[in-house]
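Chemist: For reference, the structure I am asking about is given below.
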Amino acid sequence: MSAWPASKAGRVLRALKKIGWTEKRQSGSHITLSRPGSADYVFAFHDSDEIGPAMLARIAKITGLQPTDL
(Lines give C-alpha, C1' and ligand atoms only; values in the text may rest on other atoms or scores of the structure.)
Protein backbone atom coordinates (compact mmCIF):
# COMPACT_ATOMS: atom_id res chain seq x y z
CA MET A 1 0.00 0.00 0.00
CA SER A 2 1.23 3.48 -0.88
CA ALA A 3 1.93 6.13 1.73
CA TRP A 4 0.24 8.63 -0.57
CA PRO A 5 -3.53 9.13 -0.51
CA ALA A 6 -5.21 10.37 -3.68
CA SER A 7 -5.71 14.13 -3.41
CA LYS A 8 -7.22 16.99 -5.35
CA ALA A 9 -4.71 19.10 -7.29
CA GLY A 10 -5.73 22.29 -5.47
CA ARG A 11 -4.81 20.70 -2.16
CA VAL A 12 -1.44 19.52 -3.51
CA LEU A 13 -0.66 22.99 -4.88
CA ARG A 14 -1.48 24.57 -1.51
CA ALA A 15 0.81 22.05 0.21
CA LEU A 16 3.65 22.85 -2.20
CA LYS A 17 3.26 26.57 -1.49
CA LYS A 18 3.22 25.82 2.24
CA ILE A 19 6.63 24.08 2.03
CA GLY A 20 8.23 27.01 0.21
CA TRP A 21 7.36 26.78 -3.49
CA THR A 22 6.16 30.03 -5.09
CA GLU A 23 4.43 30.74 -8.39
CA LYS A 24 6.94 32.07 -10.88
CA ARG A 25 4.55 32.29 -13.83
CA GLN A 26 1.41 30.72 -15.26
CA SER A 27 0.39 29.84 -18.80
CA GLY A 28 -3.12 28.38 -18.88
CA SER A 29 -3.26 25.49 -16.43
CA HIS A 30 0.55 25.15 -16.33
CA ILE A 31 1.99 26.82 -13.24
CA THR A 32 5.76 27.14 -12.98
CA LEU A 33 6.82 26.88 -9.35
CA SER A 34 10.21 27.87 -8.00
CA ARG A 35 12.08 27.47 -4.74
CA PRO A 36 15.61 28.60 -3.88
CA GLY A 37 18.08 25.77 -4.34
CA SER A 38 15.74 23.70 -6.53
CA ALA A 39 15.04 23.51 -10.24
CA ASP A 40 11.71 24.96 -11.38
CA TYR A 41 8.76 22.57 -11.38
CA VAL A 42 5.80 22.81 -13.77
CA PHE A 43 2.52 21.90 -12.05
CA ALA A 44 0.05 21.10 -14.84
CA PHE A 45 -3.22 20.14 -13.16
CA HIS A 46 -6.60 21.81 -12.75
CA ASP A 47 -7.69 22.40 -9.12
CA SER A 48 -10.45 19.77 -9.25
CA ASP A 49 -8.28 17.04 -10.83
CA GLU A 50 -7.72 13.97 -8.67
CA ILE A 51 -4.01 13.08 -8.42
CA GLY A 52 -3.35 9.43 -7.62
CA PRO A 53 -0.68 7.93 -5.37
CA ALA A 54 1.79 7.13 -8.18
CA MET A 55 1.77 10.69 -9.54
CA LEU A 56 2.01 12.13 -6.03
CA ALA A 57 5.10 10.00 -5.43
CA ARG A 58 6.65 11.41 -8.61
CA ILE A 59 5.82 14.98 -7.58
CA ALA A 60 7.31 14.30 -4.14
CA LYS A 61 10.55 12.98 -5.58
CA ILE A 62 11.07 16.26 -7.46
CA THR A 63 9.67 18.76 -4.95
CA GLY A 64 10.33 17.26 -1.52
CA LEU A 65 6.64 16.99 -0.67
CA GLN A 66 5.83 14.56 2.16
CA PRO A 67 2.53 12.70 2.85
CA THR A 68 2.22 14.65 6.11
CA ASP A 69 2.25 17.94 4.16
CA LEU A 70 -1.15 17.15 2.66
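Chemist: How big is D, in µm² s⁻¹, for the range 11-50 by Stokes-Einstein at 10 °C and 1.306 mPa s if Rh is the Kirkwood radius over C-alpha pairs? Please report the intermediate quantities before stating the final value.
Modeler: Working: Rh = 10.4 Å.
Estimated diffusion coefficient is 153 µm²/s.
Chemist: Can I ask one more? Which percent of Cα pairs goes in each bin when the distances of the chain are cut into 5 angstrom slices starting at zero?
Modeler: Once binned at 5 Å, the Cα pair distances of the chain give 3, 18, 31, 27, 15, 4, 1, 0.
Chemist: Related question: So how tilted is helix 53-63 from the main axis of the chain? Cα-based, degrees 0 to 90, rounded to 10.
Modeler: Approximately 40 degrees, to the nearest 10.
Chemist: With a 1.4 Å probe and every protein chain left in place, work out the accessible area per residue of the chain in Å², rounded to a whole number. Each step should come with its number before you reach the end.
Modeler: On the way: 4350 Å² over 70 residues.
Using a 1.4 Å probe on heavy atoms only, each residue of the chain averages 62 Å².
Chemist: Using the alpha-carbon atoms, what tilt in degrees (0 to 90, nearest 10) does helix 9-18 show relative to the longest principal axis of the chain?
Modeler: So the inclination is approximately 60 degrees.
Chemist: If you put +1 on each Lys and Arg Cβ and -1 on each Asp and Glu Cβ, how big is the dipole of the chain around its Cα centre, in Debye rounded to 20?
Modeler: Dipole size: approximately 180 debye.
The values are calculated or read from the model by the stated rules, or taken from the named source; none is laboratory data. Predicted, not measured: the structure shown is a model, and the values here were computed from it. Here Cβ is always computed from backbone atoms with ideal geometry, including for glycine, and neighbour counts include all displayed protein chains. These accessible areas exclude ligands, DNA and RNA; they are computed on the full protein's heavy atoms, side chains included. Shrake-Rupley method; radii C 1.70, N 1.55, O 1.52, S 1.80 Å.
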